[in-house]
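What follows is one structure encoded as structure tokens, with my remarks underneath.
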Amino acid sequence: GRWAGKCRNATLNGLPQCQLRIPIPAKSHLLHLSPSGWTLCVPVDSSAKAYRKKAIQHLGKTFREAMAVLILDRELEIVESANASFLEIGLRILCSGWVKRLWTLQEATLASEARGTVKLYFQMQDGPFMYQKYERDRKALQSPDGGATEIQAEERELLAEDGVMLELGSQIPSVRTMRDMPREGFSPFRAIYSALEHRSTSKIEDVPVCIVSILGKDLSTILYTSDEEQRVAQFFMLMREVPIGVLWSDLSTKLSIAPFRWALKSIASCPRTTYMDTQNGICDATGLHIRAGGFVFEEDGVELDALPPVF
């Protein structure tokens, strides 16, 4: 189970019993689900910092091997899913507090990945609602239906054509898709940016930790680096292939440490187009290595003082 919003206990690894008394259908395999998540798994006591880092390091494994992940969010628990339209449920998930928090991205993308499907449920007033229902019904939404009412046709258009389903997909991205993007000529930074764009955290240094965990890379180097800028530098080195568009993002705050003064301090603090470049550079401990087109100027007839500055 995962608690979003004020249901989470920030001072103690425990929850009131009343929060666990939730309606679950008798035939649901959620009956076998043991509550596990940030509130119960990650130590909050200041004397257990070392164990806290160890727990965060294994959170990815926890969600990946879970039978199912059940989201408990107060804004969603007042909704009767049986009486709500497909469109309403999608919009309520998109507008919920759960989808605005950084660490909820990890549970959404990693749950039961080893079994080839993300078994993600949202607790509604009348019981758990399976997120994969959207995936199953995607083809049905795209196929024409001559018997649809005007309201149903409008709902279909909003879901399929106006991007409600696409937006849900970007907020709950497929890990497998992100890992396969380089082979298809795209950077996983595109999916990462879309997923982070509307999420927030009180600790910006947690962003690299969350993303690296999702992508299944070694967390130890980042997690045990206390300096915020060093964490970001380690993140780019672990990603290795970085879109060269980051070099031209002058409106974003950059790192102050060499040789990473080109790197964005916050991954999602730049325009969306930053990660659209299909050309990548290679990032290692000596900086970002790129190969890009340029100009060759003949000395004769060119006033060198008039040329723009080069960095």
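Cross-link check: pairs Lys49/Lys217; Lys100/Lys265; Lys61/Lys119; Lys119/Lys203; Lys61/Lys203; Lys61/Lys265 evaluated at a Cα-Cα cut-off of 24 Å; pairs beyond the cut-off: Lys119/Lys203; Lys61/Lys265.
Listed values for the stretch 177-185 are Karplus-derived 3J(HN,Hα) couplings in whole Hz (6.51 cos²θ - 1.76 cosθ + 1.60, θ = phi - 60°), namely 5, 4, 6, 8, 4, x, 5, 9, x, and x replaces Gly and Pro. Peptide packing: for 92-104, 214-226, the average count of neighbouring Cβ atoms within 10 Å per residue gives the ranking 92-104, 214-226, highest mean first.
Please state the shape class of the stretch 177-289: rounded when a/c is under 1.5, otherwise prolate if a/b exceeds b/c and oblate if not, all from the C-alpha gyration tensor. Judged from the Cα gyration tensor, the stretch 177-289 comes out rounded (a/c under 1.5). Placing dummy labels 7 Å off each Cα toward the beta-carbon, the span from His198 to Ser256 is 3.4 nm.
Each value in this text was obtained by applying a stated rule to the coordinates, not by laboratory testing. All of these numbers come straight from a predicted model, not from anything done at the bench. We place every Cβ from the backbone using ideal geometry, glycine too, and count neighbours over all the protein chains shown.
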